[in-house]
Amino acid sequence: MTLALSHFSAAVVFALFASVVFGITQRNSTLEQVKYGLYCFALFVGGVFVAGWVMALIRR
Amino acid sequence: MAKPIANTKDKPKNAAAAATITKTEPDYPLTTMAIVAPIVGWLIPGGGHFLLKRYGRGALLFISVVAMFLIGLGMQGRIYQPNGGDILDILGFVGDVGSGALYILARIMDWGDVMAANAAADYGKTFLIVAGLLNFIAAADAHHIALGKKP
């Protein structure tokens with residue numbers, strides 16, 4: 001079976017699972033874990049957009 | 001008759017020395033569970049947390065690591081072997097082996113034995129390595145919970 005994910009969808013899936021693990025392992029209480037997980041997810045996805053725009057501007 | 005004057009400067013030094021002498025036990029003693037939990041956690045993602053009765057966290061870790069590993073295989077990612085030779089191959093192997101039983105199963109079943117040269121396969125390889133590295137972090141977390149450093 002071959003899975004065909006676009007660059008963006010692969011990055012979002014990666015961000016989701018990595019954020020879950022970071023949230024659980026790097027904070028103590030449940031609320032802190034959720035907050036930190038969301039923070040990591042936002043940084044991952046935000047980083048994708050920033051990197052995408054940087055590459056698009058370089059290409060011009 | 002002169003009264004003996006107490007040496008106030010020595011007091012804190014003596015107190016610190018006394019504390020050092022009486023403090024023979026470590027803050028977080030190494031228990032059997034603190035050794036077993038990370039090993040189980042490495043073999044089965046989230047297994048260490050299950051062993052420590054953190055079922056919710058264990059389930060989320062299991063889902064995350066296994067899903068990343070399976071997505072990596074689905075994207076035709078390569079599984080590194082221990083005798084890679086190249087330093088980057090060795091680092092890739094260290095990342096992959098973090099998945100524990102999943103890595104062993106993949107090697108037995110000959111999964112990930114591909115040399116596909118496309119972008120998706122490259123992402124797949126990264127998914128496989130990161131799944132293993134995240135599992136190492138999860139195993140270390142199980143160790144800290146077993147020690148009592150983390151609730």
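A few notes on this one:
- Residues of the range A:1-56 that are within 16 Å of B:Ile137 (Cβ to Cβ) and over 9 Å from the mean Cα position of the chain (by Cα): A:Val20, A:Val21, A:Phe22, A:Gly23, A:Ile24, A:Thr25, A:Gln26, A:Arg27, A:Asn28, A:Gln33, A:Tyr36, A:Gly37.
- Residue in the range B:99-119 that is farthest from the other protein chains (Cβ to nearest Cβ), counting only those that are part of a helix (DSSP H, G or I) and surrounded by fewer than 19 Cβ atoms within 10 Å (Cβ to Cβ): B:Ile104
- Scanning the range B:60-98 for residues that are in a helix (DSSP H, G or I), open to solvent by less than 40 Å² (accessible area, probe 1.4 Å) and within 11 Å of chain A (Cβ to nearest Cβ) turns up B:Leu61, B:Ser64, B:Val65, B:Val66, B:Ala67, B:Met68, B:Phe69, B:Ile71, B:Gly72, B:Leu73, B:Gly74.
- Output for the range A:18-35, where each listed residue is without any contact (Cβ under 8 Å) to a residue 24 or more places away in the chain, assigned to a helix (DSSP H, G or I) and closer than 15 Å to B:Leu61 by Cα: A:Val20, A:Val21, A:Phe22, A:Gly23, A:Ile24, A:Thr25, A:Gln26, A:Thr30, A:Gln33, A:Val34
- The set of residues in the range A:27-60 being within 26 Å of B:Gly124 (Cβ to Cβ) and either in contact with a Cys (Cβ under 8 Å, 6 or more places away or on another chain) or surrounded by 12 or more Cβ atoms within 10 Å (Cβ to Cβ) (or both) consists of A:Gly37, A:Cys40, A:Phe41, A:Ala42, A:Leu43, A:Phe44, A:Val45, A:Gly47, A:Val48, A:Gly52.
- Cβ-Cβ under 7 Å pairs, at least 6 apart or on other chains, the range B:41-61 side at positive phi, far side surrounded by fewer than 21 Cβ atoms within 10 Å (Cβ to Cβ): B:Gly46/B:Ala59; B:Gly46/B:Phe62
Yes/no matrix, rows are residues, columns are (1) assigned by TED's automatic domain parsing to the domain that holds B:Ile35; (2) closer than 30 Å to B:Lys53 by Cβ; (3) among the aromatic types (Phe, Trp, Tyr); (4) modelled with pLDDT of 90 or more:
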| position | (1), (2), (3), (4) |
| --- | --- |
| B:Gly112 | yes, no, no, no |
| B:Ala117 | yes, no, no, no |
| B:Thr126 | yes, no, no, yes |
| B:Ala131 | yes, yes, no, yes |
| B:Phe136 | yes, yes, yes, yes |
| B:Ala139 | yes, yes, no, yes |
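- Residues that are polar (S, T, N, Q), in contact (Cβ under 8 Å) with a residue 40 or more places away in the chain and within 16 Å of B:Gly112 (Cβ to Cβ), drawn from the range B:62-86: B:Gln76
- Hey, B:Gly100 on the phi > 0 side of the Ramachandran plot, under 20 Å from the mean Cα position of the chain (by Cα) and in the same structural domain as B:Phe136 (by TED's automatic domain parsing) or not: yes
- Test: B:Pro38 is within 14 Å of another protein chain (Cβ to nearest Cβ) and either of a type in the set (Lys, Arg) or open to solvent by less than 90 Å² (accessible area, probe 1.4 Å) (or both): yes
- If you go through the range A:3-25 and pick out every residue that is touching a helix residue (DSSP H, G or I) at 6+ places or on another chain (Cβ under 6 Å) and open to solvent by 60 Å² or more (accessible area, probe 1.4 Å), you end up with 0.
- Matching entry among B:Asp110, B:Asp96 (being closer than 16 Å to B:Leu133 by Cα and not hydrophobic (A, V, I, L, M, F, W, C)): B:Asp96
- Scanning the range B:41-59 for residues that are part of a loop (DSSP other than H, G, I, E, B) and away from chain A (no Cβ under 14 Å) yields B:Ile44, B:Lys53.
- When every residue of the range B:88-96 is checked against the conditions, at least one turns out to be more than 29 Å from A:Gln33 (Cα to Cα) and among the β-branched types (Val, Ile, Thr).
The values are calculated or read from the model by the stated rules, or taken from the named source; none is laboratory data. Keep in mind that what you see is a predicted model, and the values were worked out from it rather than measured. So basically every Cβ, Gly included, is an ideal-geometry build from the backbone, and we count neighbours across all protein chains shown. These area figures cover heavy atoms from the full protein model, side chains too; ligands, DNA and RNA do not enter into them. Shrake-Rupley method; radii C 1.70, N 1.55, O 1.52, S 1.80 Å.
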